[in-house]
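For reference, the structure discussed in these notes is given below.
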Amino acid sequence: MTVFKKNGYRFFFFSREEERPHVHVVSADGESKSWLEPEIEIAKNYYHSSKQIREIEKLIKEKHYAIINAWNMHFRN
């Protein structure tokens, strides 16, 4: 499920996932996974540069509430 797209990144969930809230991010350059709780933290990174990771973290912080709401709607309801 795609949550949102911005700056060439797609932020999404897979339908069958572990319980800890997280979001996957894919771009033309790579893919990463970030934990959303208890803090925003990169869990895995495949080919995103340090600059891209900083941008991804910034976007997650900006949209954190919307991402968590989407997670709850998708997985907990």
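The values are calculated or read from the model by the stated rules, or taken from the named source; none is laboratory data. These numbers come from a predicted model, not from an experiment. FYI the Cβ positions are ideal-geometry reconstructions off the backbone, even for glycines, and counts take in every protein chain you see.
What to note about this one:
- Subset of region 27-46 (residues that are surrounded by 18 or more Cβ atoms within 10 Å (Cβ to Cβ) and over 12 Å from Ile67 (Cα atoms)): Ser32
- The residue that is nearest to Asn69 (Cα to Cα), counting only those in region 2-14 that are surrounded by fewer than 17 Cβ atoms within 10 Å (Cβ to Cβ) and in contact with a His (Cβ under 8 Å, 6 or more places away or on another chain), is Phe12.
- Yes/no for Glu57 being surrounded by 15 or more Cβ atoms within 10 Å (Cβ to Cβ), modelled with pLDDT of 95 or more and of a type in the set (Asp, Glu): yes
- Check on Ser49, surrounded by fewer than 12 Cβ atoms within 10 Å (Cβ to Cβ), over 18 Å from Met1 (Cβ atoms), in contact (Cβ under 8 Å) with a residue 12 or more places away in the chain and not acidic (Asp, Glu): yes
- Any hit, region 65-76, residues being within 13 Å of the chain's Cα centre (by Cα) and among the basic types (Lys, Arg): no
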